[in-house]
Every structure is written in structure tokens, then in C-alpha cells.
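Below is one structure, written out as C-alpha cells; comments come after it.
Here, each number is a calculation from the coordinates, and none is a lab measurement. Note that this is a predicted model, so its numbers are computed, not measured. Reconstructed Cβ throughout: ideal geometry from the backbone, glycine too, with neighbour counts over all protein chains shown.
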Amino acid sequence: MSYFAHETAVIDEGCVIGEGTKIWHFSHVMPNCTIGERCNIGQNVVVSPEVKLGNNVKIQNNVSLYTGVECEDDVFLGPSMVFTNVTNPRSGVNRRDQYSKTVVKKGASIGANATIVCGHDIGEYAFIGAGAVVTKTIPAFALVVGNPARQIGWMSEYGHRLEFDANGLAICPESAQEYKLENNKVTRIK
């Protein structure tokens, strides 16, 4: 076995789990999941059937990833954050064939206790603040907070708030990477 699973973790049949991944106490990985290399799945995490995780995904304690969720490489999911997969759930109505897909793009971070309403993708390196309730698609590099989540700025790949000058240019204080804001869209200058 090229990954670690705590003795209390449950891993169902048909899962593909990458090398160096760690699955901690009381977590449940349900059938037919794909989990990349070097992921860290914290305590009491549920990964529902057919969920896909890229490489180096970090999932903190008490997170549920429901069918329809896909996380690309380097995604961070904070403690007790929540995904949904049906927009109008009812206990007495079976909607298992109506799951909406949600994609969390490369490098995005979702803060503790945030809620992501299904069908709304999270852009590359977006930063969702703690407790935010996301009810729409979030663009790459966006910083969003609140309920409902609203954009209050832009973030660098290293997780620093970007301050754009009059020419629409910003520099990350940690990495010195340069960014351009144009037509309400941020791109990293290579």
C-alpha cells in the first residue's frame, strides 16, 4: 500500500488512492473515488462515491465532499466546510439522478465553515473566507466573504491580497509574482 490510512478509516471498494496520501481517524472514502498523490484527508471526513481529488489536496477535519464534487491539484478545504449536491433537497423526494457538479480549480482555498452551494465552480487560486456562503461561480484569484459571498478583492497564488496600481498591476509581497487586472479578470504575468 503506497498510502496511509488510520485503522479507524473506512475505504470502500473501487477507490484509487495515490502515493503518499494520508487518511486519518474516522474518515470514510466511499466507492469509486479517485484521490491523487500526497493528499491529506483529516479526521471525520466523508468522501462520497465518485468524488475526484487531484494531487496535494488538503482536507481539514469534519468535511463532507458529496458526489459531484471535483477538486483539482493543490486545493485546501478548511475545517467543517460544506459542499451541497442538490439545490432543492427533500427527504421524501429521491433526487440521486439530479446531482449538480462543482469543480474547485487548482490552488483554491475554502475557509472554515464555508458552504459551497452546488453547481457553482470555484476559480483557480480563489480564496473563500471562513463562513462564506457561495451561491454563484467564483472567478480565478477572487477573494470572497460573507453570506451570500461577495467579492472584496483579489488574491495571489501565495494567498496574499493583491493591491493593483492605476495600470492594473500588482505584485505578490511573498513571491514577487506579477499580476494584471483587466476587464475584471486577474491573470498572472509569466
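For this structure, a couple of remarks:
- Surface/4 estimate of mean projected area, convex hull on alpha-carbon atoms of segment 25-83, nm²: 3.2
- Taken over the chain, the ratio of Cα radius of gyration to 2.2 N^0.38 Å equals 1.07.
- Relative packing of peptides 93-102, 47-56 - highest average C-beta neighbours within 10 Å first: 47-56, 93-102
- Highest average packing first - 14-24, 134-144, Cβ atoms within 10 Å: 134-144, 14-24
- Overall dimensions of segment 65-140, expressed as equivalent-ellipsoid semi-axes from the Cα gyration tensor (√(5λ), whole Å, largest first), are 22, 13, 10.
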